[in-house]
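Heads up: the structure comes next, in C-alpha cells.
Bear in mind that the values in this text are calculations on the coordinates, not laboratory data. Keep in mind it's a predicted model, so treat the numbers as computed, not measured. All Cβ positions, even for glycine, are placed from backbone atoms using ideal geometry, and neighbour counts span all protein chains on display.
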Amino acid sequence: MKSLTLTLVLLLYVSFQIRAQEFTKEVKAFISIDTTMVAITHVKLIDGTGDSIKNNLTVIIHDGKIEHTGHSNTVLIPDGALIIDGTGKTIIPGLVMLHEHLFYTKFFENWFSVGQSTFTFPRLYLAGGVTTMRTAGSIQPQSDLNVKQWITDGKMIGPKMDVTSPFIEREGLPIAELGFIKKTDEVSEIVDFWSKRGVTSFKLYNNITQEDMKVCIAEAHKRGFKVTGHLCSVTYEEASNLGIDNLEHGFRVSTDFLERKEENICDPFAARKSFNEEPIDSPKIKHLIEVLIKNGTTITTTPNVFEPYTNRELIPGGGERAVSPEVLKDVKNIYDRMVYKDSVQTASYHKNMTWLKRFYDLGGKLVAGTDPTGAGRTVAGYANQHTIELLVEAGFPLVDVIKICTHNGAKYLNKAHEIGTIESGKIADLILVDGDLEKNIKTIRNMEIVFKDGIGYNSKKLFESVNGQVGRN
Ligand SMILES: [Zn+2]
C-alpha cells in the first residue's frame with residue numbers, strides 16, 4: 001500500500017514535470033534551449049535593478065530560475081550544465097512592457113481603424129525580448145484571453161500576459177472598434193463581466209467622465225486590479241487625485257495645459273495646441289509633476305508611436321520586412337507626405353521626452369510601452385527594441401533605460417518578487433544580446449536567445465517566421 005502511494009505521488013510528480021515542459025511541435029521549432037541547467041559565461045550583465053553594469057559574469061539558470069550570478073573567475077559551473085560562451089555579449093532581463101496591443105492599424109480612406117493581430121504580434125513581442133506584457137486596451141478581449149491561455153499551455157508562442165479590458169469610453173471618436181457607454185452604471189457592469197473572464201487590468205479612454213473614472217477605479221481596486229487611461233476629457237491632475245494607477249503616452253495627451261478646460265469634455269485639437277505652446281519650464285508642468293509624484297501615479301512612455309518622420313526609419317526598429325507589402329505601401333504613403341514636414345511634431349516629441357526625464361529624475365514612476373497603432377510605424381517586437389534606443393537617445397542612462405523597461409514594469413504589475421531583474425531566485429526571463437550594449441545601443445536589435453521561464457527561444461527565427469504578414473494576421 002505504501003509503495004502504491006509512493007508510485008502515485010511519483011507519477012503525479014512526473015506528469016507535473018512533463019506538463020511544465022510540454023510544447024507542441026510548432027512551438028518547439030522555435031526553442032533553441034530546453035535544458036534544465038545552463039551557464040552563460042564571460043558575459044556583460046545589466047541586471048535591471050539600476051545598479052552599475054558588470055563585466056565578465058557567469059549566469060547560472062537552473063529549472064527555470066536564475067540560480068546564481070557571479071564573476072566568471074569564481075563561479076563554479078555545475079556538472080552537466082550547457083555552457084554558452086557570452087564573450088562580447090550582453091544579458092538584460094526579459095522586457096516587461098505595458099502598452100502592448102494585439103492589434104495594428106488598418107487603413108481605409110480617412111478612417112482610423114485597427115485590426116486584431118492574433119498570430120503575428122505575440123510571436124513578434126517575444127522575438128523582440130518581451131517576456132511579460134500588459135495589453136493596455138483590447139478590441140477582441142476574448143481573442144486576447146485565448147492567446148494568453150494557449151501561450152500558457154505551450155500551444156502558441158508569446159509573452160506572459162496581463163490582459164486589459166476593452167476600452168471604456170463614451171461616444172466621441174469615430175473608431176468602430178470602441179464600445180460606447182451611455183451611463184456610469186455600465187462601468188461596473190464592464191469591470192464585473194470582464195474580471196470574471198480573466199481580464200486583469202482596465203483601460204479608460206478619451207471621453208469618459210470623472211464619475212465613470214471614480215467607479216472604474218473603485219470596482220477594479222476592490223478586485224485587486226489596476227486602472228490606466230489614455231485620457232482627454234479628464235486632466236492628469238484630476239485623474240491622479242481620483243486615484244488612477246497609470247497614465248498612458250507620457251504627457252503627450254494631457255489636457256492640463258488648456259487655459260479654460262471644460263469639465264469632462266475632450267477637445268483634442270485645443271489640447272494639442274496648448275501642449276505645443278506650453279513653455280518647457282512652465283510652472284504648470286512643474287506643478288503637474290509634483291502632483292503625480294505625490295500621488296504615486298505611474299506614467300507609461302510610448303516614444304515609438306510618436307516618433308518623428310524626418311531622418312527616421314519608415315518602420316522604426318527595422319520592422320519593414322515584417323509588414324505585408326500592401327499595407328507597407330499605405331504606411332509609406334503617409335510617411336512620404338509627412339517627412340520634412342513634421343517640425344511641430346518633432347518639437348513636441350522632444351518636449352514630452354524632456355518632461356518625462358524630469359519626472360523620472362525627481363522620483364516619478366516611469367514604465368514603457370509601444371502602442372502599435374498610429375500611422376502603422378509601430379510594429380510589435382521591433383518597436384520594443386527601438387524603445388530602448390529612443391530612451392537612450394532622450395538622455396536616460398542605459399541602466400535606467402533597462403530598469404524602466406523591465407523592473408519598473410514588473411513592479412507596476414506587482415510581480416517584482418519573481419520577474420524584472422536578474423537576481424538569484426527570480427524566474428529566468430532574460431535576453432542574450434549578441435553585442436556590447438554599452439558600446440552600441442543598436443545591438444539591442446541582435447537578440448540571440450530570449451529566455452522565458454528558463455526556455456530559450458530563437459529570436460531571429462521568430463522574427464523571420466512572420467515576415468510580410470503584419471497587417472494580415
Ligand atoms: Zn494604445
Inset, instruction - Choose one of Phe257, Met161, Thr24: the residue whose Cα lies farthest towards the positive end of the charge dipole of the chain (beta-carbon charges +1 Lys, Arg; -1 Asp, Glu; about the Cα centre). - result: Thr24
Legend entry - Rounded Å value of the spacing that divides the Cα centres of region 409-433 and region 104-179: 23 Å
Legend entry - R0 of 45 Å, Cβ-Cβ distance Glu438-Glu171: FRET efficiency to nearest 0.05: 0.35
Inset, instruction - Along Cα→Cβ, 7 Å out, is where each label goes; now give me the distance between the ones at Asp453 and Ser113 in nm to one decimal. - result: 3.7 nm
Legend entry - Dipole of region 301-397 [Lys/Arg +1, Asp/Glu -1 at C-beta], most positive-end residue of Ala383, Gly364, Tyr335: Gly364
Legend entry - Directionally averaged projected area (convex hull, Cα atoms, the chain), nm²: 24.0 nm²
Inset, instruction - Pop out the ³J(HN,Hα) list for region 404-417 in order, Karplus 6.51 cos²θ - 1.76 cosθ + 1.60 with θ = phi - 60°, rounded to Hz; leave Gly and Pro as x. - result: 4, 8, 10, 4, 5, x, 4, 5, 4, 7, 6, 10, 5, 6
Legend entry - Farthest positive-ward along region 256-342 dipole, Cα basis, beta-carbon charges - from Ser324, Ile289, Asn304: Ser324
Inset, instruction - Just tell me which aspartates and glutamates come within less than 19 Å, Cα to Cα, of Lys54; anything on the same chain fewer than 8 places away is out. - result: Glu67, Asp85, Asp400, Glu423, Asp429, Asp434, Asp436, Glu438
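Mind listing which trypsin sites (Lys or Arg not before Pro) in region 215-265 are in a DSSP loop and have 16 or fewer other Cβ atoms within 10 Å?
Numbers: sites: Lys222, Arg223, Lys226, Arg252, Arg260, Lys261; in loops: Arg223, Arg252, Arg260, Lys261.
In loop regions of region 215-265 (DSSP not H, G, I, E or B), the sparsely surrounded trypsin sites (Lys or Arg not before Pro) are Arg223, Arg260.
Please compare each pair in Lys160/Lys442; Lys284/Lys357; Lys160/Lys182; Lys44/Lys426; Lys106/Lys442; Lys25/Lys196 to a cut-off of 23 Å on the Cα-Cα distance and tell me which ones are over it. Walk me through the numbers on the way to the answer.
On the way: Lys160/Lys442 26 Å; Lys284/Lys357 16 Å; Lys160/Lys182 34 Å; Lys44/Lys426 19 Å; Lys106/Lys442 29 Å; Lys25/Lys196 32 Å.
Beyond 23 Å between Cα atoms: Lys160/Lys442; Lys160/Lys182; Lys106/Lys442; Lys25/Lys196.
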Legend entry - Length-normalised contact order of the chain in % [C-alpha pairs under 8 Å, at least 6 apart]: 22 percent
Legend entry - Rounded to whole Hz, the Karplus (6.51, -1.76, 1.60) HN-Hα couplings of region 256-265, x for glycine and proline: 6, 9, 5, 4, 10, 8, 6, 4, 6, 10
Inset, instruction - Report the Cys residues of the chain lacking a disulfide-compatible partner, meaning no second Cys Cβ under 4.7 Å from their Cβ. - result: Cys216, Cys405
Inset, instruction - Determine, from the Cβ-Cβ distance of Lys461 and Ser343 and an R0 of 35 Å, the FRET efficiency 1/(1 + (r/R0)^6), rounded to the nearest 0.05. - result: 0.30
Legend entry - Difference of contour (0.36 nm per residue) and Cα-Cα distance, Leu76 to Ser188: 34.8 nm
Inset, instruction - Using the Cα centre as the reference, give the magnitude of the dipole from point charges on the C-beta atoms of region 309-428 (Lys, Arg: +1; Asp, Glu: -1; all else neutral), rounded to the nearest 20 debye. - result: 240 debye
Inset, instruction - Within 10 Å of each residue's Cβ, count the other Cβ atoms and sort His101, His68 from fewest upward. - result: His68, His101
Inset, instruction - List, in order, the whole-Hz ³J(HN,Hα) value for each residue of region 127-136 obtained from phi through the Karplus relation with A = 6.51, B = -1.76, C = 1.60 and θ = phi - 60°; use x for Gly and Pro. - result: 4, x, x, 7, 9, 9, 9, 9, 7, 6
Inset, instruction - Taking H placed 1.01 Å from N in the peptide plane, check which residues at least 5 places from Gly468 or on another chain put their amide H under 5 Å from its amide H. - result: Ala322, Val323
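Within a Cβ distance under 9 Å of Gly454, other residues only, what is the Lys/Arg minus Asp/Glu net charge? Before the final figure, lay out the partial values.
Numbers: positive: Lys65, Lys452; negative: Asp34, Asp63, Asp429, Asp453.
Computed value for this residue: -2.
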Inset, instruction - For the chain, give the magnitude of the charge dipole about the Cα centre (Cβ charges: +1 Lys/Arg, -1 Asp/Glu; no others), in debye to the nearest 20. - result: 540 debye
Legend entry - Nearest-20 debye value, region 395-450 charge dipole, Cβ charges on Lys, Arg, Asp, Glu: 200 debye
